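K.L.:
Would you mind keeping the following structure in view while I ask a few things?
What follows is calculated from the coordinates using simple rules that are stated; it is not laboratory data. Fair warning: this is a prediction, and the values are worked out from it, not measured in the lab. Cβ sites come from the backbone with ideal geometry, for glycine too, and all protein chains shown count toward neighbours.
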Amino acid sequence: MDQLLSVSEAAELLGTTVRFPRRLVAERRITVVHVGRHVRIPRSAIEALIEEGTVEAAAQGPYR
């Protein structure tokens, strides 16, 4: 089973304030698990979000 993170733990992992993961949840841009009244974010969802936002560096070449 995937590790479930609280909103504050997710924010810490992302290096943001808690407002950012809360907005992701509200906009349904990230997978969440409801445990009673608590919202938990699977660690794999955070890792997928980081992977989607990762931009590879361009190949180095002569400057024009």
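K.L.:
So, counting K/R as plus one and D/E as minus one, what does the shell of residues with Cβ under 12 Å around ARG40 add up to?
P.N.:
Details: positive: ARG37, ARG43; negative: ASP2, GLU9.
Overall, the nearby charge balance is 0.
K.L.:
Per DSSP H run of at least 4 residues, take -39500 (n - 2.57); add these up for the chain, divide by its residues and hand me the 222 nm value, nearest 500 deg cm²/dmol. Present the calculation step by step, with values, prior to reporting the outcome.
P.N.:
Numbers: 3 runs with 27 residues, N = 64.
About -12000 deg cm²/dmol.
K.L.:
To continue, here is another question. If exposed GluC sites (Glu not before Pro) are those in a DSSP loop with at most 15 other Cβ within 10 Å, what is the longest stretch of the chain that has none?
P.N.:
On the way: sites that count: GLU27, GLU56.
The longest uninterrupted stretch comes out as 28-55.
K.L.:
While we're on this one: Pick out, from ALA58, LEU5, VAL25, the residue whose Cα sits farthest towards the positive end of the charge dipole of the chain, with +1 on the Cβ of Lys and Arg and -1 on the Cβ of Asp and Glu.
P.N.:
The residue sitting most towards the positive pole is VAL25.
K.L.:
Turning to a different aspect of this structure: For all pairs of alpha-carbon atoms in region 4-52, what percent lies in each bin of width 5 Å, listed from the first bin to the last filled one?
P.N.:
Binned Cα distances yield the sequence 5, 24, 37, 28, 6, 1.
K.L.:
In whole percent, what relative contact order does region 4-52 give with Cα contacts below 8 Å and a gap of six or more residues?
P.N.:
39
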